[in-house]
Amino acid sequence: MALRVDNITAGYGKITVLRNLSLEVREGEILGLLGRNGMGKTTLIRCLAGLIRPTAGNITFEDRQITELPPHERAQIGITTVVQGRGVFPGLTVRENLEMGRIASRRTKRSRIDEVVSYFPRLGERMRQSAGTLSGGEQQMLAIGRGLMTDPTMMLLDEPSDGIMPMLVQQNAKILKEINHREGMTMIIVEQNVPMVFSLTDHCVILEKGQVVTEGTRDEVSRSEVMKAYLAI
Ligand SMILES: Nc1ncnc2c1ncn2[C@@H]1O[C@H](COP(=O)(O)OP(=O)(O)OP(=O)(O)O)[C@@H](O)[C@H]1O
Ligand SMILES: [Mg+2]
């Protein structure tokens, strides 16, 4: 198992968001994480990234307990996070943003810029442009590219299609699938865009009020009552 989350409880101060949440992701698998607004998806990603500590429960990555591990050490063991709202450094150029990924993880001396450009040729054309002046879709590509530069074995993506035009969403989904295939990379992808998730993965969970309420294959999840309610909104 690449990642095992056992009964975690987490939140902000007195507010509990995740309640006894458990899930597992196999090596090389993409897990689709669905759920309505405010159900705890980003909070879960923050726990996995080490940005907030669960008050109970355990997180195990590649057979290692990481519940207490700070974010930069998680990057060093191969976990990278593409945060919601992109999170590029606007004042730095595209190339500098990419280099920050490599420096942050310290996992490899080898620069993966050529690979990033092979996935996202658009970034190659804009290496010296400051990231803040990229379009929303390009910033998203850059955020994923920076994640790749850390040489990860697991990538956490929080709503990568947020604010992106439908055609580009499908294109980005195709690239993510290619990265997953070529590198055998484990991924957790949080999405509101259900067709995008279904085009990427067969394994989905739905979060509701900080708990996993449905888990299974694409078919099982799409037939569930929770999904019907979710799509009806
Ligand atoms: N820093 C914070 N301090 C206090 N409460 C927070 C904080 N961040 C999130 N919350 C609350 O935690 C709950 C879960 O939020 P979270 O961001 O995990 O939801 P989400 O499923 O990612 O939603 P969305 O689909 O809108 O991104 C919400 O009720 C939110 O208001
Ligand atoms: Mg969120």
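The values are calculated or read from the model by the stated rules, or taken from the named source; none is laboratory data. Because the structure is a prediction, the values reported are computed rather than measured. Note: ideal-geometry Cβ built from the backbone for every residue, glycine included; neighbour counts use all protein chains shown. With ligands, DNA and RNA removed, areas are computed over all heavy atoms of the protein, side chains included. Shrake-Rupley method; radii C 1.70, N 1.55, O 1.52, S 1.80 Å.
Taking the stated definitions as given, is residue 9 without any contact (Cβ under 8 Å) to a residue 60 or more places away in the chain, away from ligand 2 (no atom under 16 Å from the Cβ) and touching a Pro at 6+ places or on another chain (Cβ under 9 Å)? For residue 9, the condition - without any contact (Cβ under 8 Å) to a residue 60 or more places away in the chain, away from ligand 2 (no atom under 16 Å from the Cβ) and touching a Pro at 6+ places or on another chain (Cβ under 9 Å) - is met. Taking region 44-71 as the range and being open to solvent by less than 60 Å² (accessible area, probe 1.4 Å) and touching a Pro at 6+ places or on another chain (Cβ under 8 Å) as the test, the residues that pass are 47, 49, 50, 67. Within region 83-112, being farther than 21 Å from residue 48 by Cα, modelled with pLDDT under 85 and either within 16 Å of ligand 1 (Cβ to nearest atom) or open to solvent by less than 80 Å² (accessible area, probe 1.4 Å) (or both) holds for 108, 111. Comparison of 147, 163, 216 shows that the only residue that is in a loop (DSSP other than H, G, I, E, B) and either in contact with a strand residue (DSSP E or B) (Cβ under 6 Å, 6 or more places away or on another chain) or within 27 Å of residue 17 (Cβ to Cβ) (or both) is 163. When residue 209 is tested against (1) open to solvent by less than 10 Å² (accessible area, probe 1.4 Å); (2) within 16 Å of ligand 1 (Cβ to nearest atom); (3) more than 26 Å from residue 72 (Cα to Cα); (4) touching a residue at least 60 places away in the same chain (Cβ under 8 Å), exactly one condition is not met: (1).
Pairs are defined by a Cβ separation below 7 Å, a sequence spacing of at least 6 or placement on different chains, a first member in region 52-67 that is within 14 Å of residue 16 (Cα to Cα), and a second member that is at pLDDT 95 or above and among the small types (Gly, Ala, Ser); the pairs so defined are 52/10; 54/10; 55/10.
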